[in-house]
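The values are calculated or read from the model by the stated rules, or taken from the named source; none is laboratory data. Predicted model, so just to flag it, every value in this text is computed and none were measured. Neighbour counts are summed over all protein chains in view; Cβ atoms, including those assigned to glycine, are modelled from backbone coordinates with ideal geometry. For accessibility, only protein heavy atoms count, side chains too; no ligands or nucleic acids. Shrake-Rupley method; radii C 1.70, N 1.55, O 1.52, S 1.80 Å.
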Amino acid sequence: MANDEQQISKWKGKASEELAGPKAEQVWPLLEDFFGLNKWFPTLTTCLAVEGINGQPGCVRYCAGFKTPVNNGEQIMNWTKQKLLSIDPTELTFSYSIVDGNVGFNSYVSTVKVVPNEQGCSIHWWYEVEPVEGWMPEDLSVFIGSGLQVMAKRMEEALLHLHASTNQKP
């Protein structure tokens, strides 16, 4: 078998986070805002539209400023360009890929889904990527898992604050 015919074994994983209180239909609009990831993902300072219409398959966002587990304190401006592959507001899910960047994520594809439950909802984030130079699979697991944990907490707080401010009596 020629080298170009061999398939590289991808790293695959899933992170999940429960949100207590907010309903799936309240959380979905926050995630559906593809160009608004910097409002929720930790250390991500920039998320800009590069092309297309926000929330439409094919649109591309530029994300920068995030830290990764392998930066070791180095002041590197990490960045990626991410393309929305599909979105289904009925199923509360979308998929995207990284199409360019300086973090070494090749053939990265991710699917994010909001799932209702009795306590509120949960967010599930599946991912797969070719092995990343300088990383271990657990580095990616920690990066996405801890990022999702902070995102969920920020969304919970924002929605609870919004709910409290709209229910105040004069």
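When its C-alpha radius of gyration is set against 2.2 N^0.38 Å (N residues), the stretch 71-146 gives a value of 1.27. Dipole magnitude for the chain: computed about the Cα centre from +1 point charges on Lys and Arg Cβ and -1 point charges on Asp and Glu Cβ, it is near 500 debye. Taking the C-alpha atoms only, the angle from helix 137-166 to the longest principal axis of the chain is near 20 degrees. The Cα atoms of the stretch 20-100 define a convex hull whose projected area, averaged across directions, is 6.2 nm². The convex hull defined by the C-alpha atoms of the chain has an orientation-averaged projected area of 12.3 nm².
Using a cutoff of 8 angstrom between alpha carbon atoms and counting only pairs six or more residues apart, the relative contact order for the stretch 13-89 works out to 24 percent.
If R0 is taken as 25 Å, the Cβ-Cβ distance between Glu51 and Lys153 corresponds to a FRET efficiency of 0.20.
Note on the chain: dipole from Cβ charges, positive end direction compared against Leu85, Ile8, Thr46; the farthest Cα belongs to Thr46. Just the protein heavy atoms count here, and of the accessible area of the chain at 1.4 Å, carbon and sulfur take up 52 percent.
Relative contact order, whole percent, for the stretch 18-167 stands at 24, derived from Cα pairs under 8 Å and 6 or more residues apart. Taking amide H positions as modeled 1.01 Å from N, with prolines and chain starts lacking one, the residues under 5 Å from Phe66 and 5 or more places away or on another chain are Thr45, Asn78. Taking a sphere under 14 Å around the Cβ of Leu19 and counting the other residues whose Cβ falls inside, with K and R at +1 and D and E at -1, yields a net charge of -2.
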